[in-house]
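For reference, the structure discussed in these notes is given below.
The values are calculated or read from the model by the stated rules, or taken from the named source; none is laboratory data. This one's a predicted model, so the numbers in the text were calculated from it and none came from an experiment. Quick reminder, even Gly has a Cβ in these numbers, built from the backbone with ideal geometry, and neighbours come from all protein chains shown. Heads up: the accessible areas ignore ligands, DNA and RNA and are worked out on the full protein's heavy atoms, side chains in. Shrake-Rupley method; radii C 1.70, N 1.55, O 1.52, S 1.80 Å.
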Amino acid sequence: INIIVRVPMINIRTCIRILRHFKPIRYLITGGSSYLIELMLLIFFTNFISIWYIYSNISASIISLLIAYFLNNYWTFGNRKINVKRIFLLFFIHICNLIVSTFFIYVLTSLVGLFYVKSKIIVSCFSCIWNYFISKYFIYK
């Protein structure tokens, strides 16, 4: 007995239509991309340039912020203009987040004894949720 199962094909237009209407998915793609860049920079600065992991985290985070801002501004939230007020607000919120995140990375790495990359990943999981709501309701409203 031959059984033919038809699987519906999802074409590129359907995927684009889905992405156009679901900002949380675009935010996750943008955030994931900029986070991977941040993590790679953290490892590069710490392991290959021999910068202390706290300074590496701060540097990688600032570079990642700039990448995330432009991706979120143009693609995720569809803003075509650069808004100076939004940049300053984003920078202020990011600095606050960076201070808290760096503190917890330090605690998990230096006091608890976790590997600095593992500490970064744990702290980032919590800040990801926080950052989405801050971006949605205060920065890109």
| Pick from Leu66, Leu41, Leu111: which is most flexible by mean-square fluctuation in a GNM of the chain where alpha carbon atoms under 10 Å apart are linked? | Leu111
| field | Local net charge near Thr109, Cβ-Cβ under 13 Å (Lys/Arg +1, Asp/Glu -1) | value | +2
| field | On Cα atoms only, tilt of 116-134 relative to the major axis of the chain in degrees | value | 60
| query | Which one of Cys96, Ser119, Tyr74 is farthest out on the positive end of the charge dipole of the chain, using unit charges on Cβ (Lys, Arg +1; Asp, Glu -1) and the Cα centre as origin? | reply | Tyr74
| Among rounded, prolate and oblate, which fits region 19-82 when a ≥ b ≥ c are the square roots of the eigenvalues of its C-alpha gyration tensor, a/c under 1.5 means rounded, and a/b larger than b/c means prolate? | prolate
| How much length, in nm to one decimal, is gained on full extension between Ile25 and Ile43, taken as 0.36 nm per residue of separation minus their Cα-Cα distance? | 3.8 nm
| said: Placing unit charges on C-beta atoms (Lys and Arg positive, Asp and Glu negative, everything else neutral), compute the dipole magnitude of region 67-141 about its Cα centre in debye, rounded to 20. | reply: 340
| task | Using a 10 angstrom cutoff on alpha carbons, build the Gaussian network for the chain and name the most mobile of Tyr116, Tyr55, Tyr69. | result | Tyr55
| message | Per DSSP helix of 4 or more residues, -39500 (n - 2.57); summed, then divided by the residues of the chain. What does that give at 222 nm, rounded to the nearest 500? | response | -22000 deg cm²/dmol
| task | Could you tell me how many degrees, from 0 to 90 and to the nearest 10, lie between the Cα long axis of helix 12-21 and the main elongation axis, the longest principal axis, of the Cα atoms of the chain? | result | 60
| request: Between Phe91 and Lys118, take the C-beta separation as r, use R0 = 22 Å, and let me know the FRET efficiency to the nearest 0.05. | output: 0.20
| message | Counting heavy atoms of the protein chains only and a 1.4 Å probe, report the per residue accessible area for the chain as a whole number of Å². | response | 70
| message | Angle check, please: helix 53-71 long axis (alpha carbons) against the longest principal axis of the chain (alpha carbons), in degrees 0 to 90, nearest 10. | response | 30
| field | Highest-MSF residue in the chain out of Arg17, Arg86, Arg26 [GNM, Cα springs under 10 Å] | value | Arg17
| note | One computes Rg over Rh for region 42-141 from alpha-carbon atoms, with the Kirkwood Rh, and obtains 1.01
| said: Is there a quick way to get the dipole size of the chain? I mean about its Cα centre, with the Cβ of Lys and Arg at +1 and of Asp and Glu at -1; what is the value in debye to the nearest 20? | reply: 800
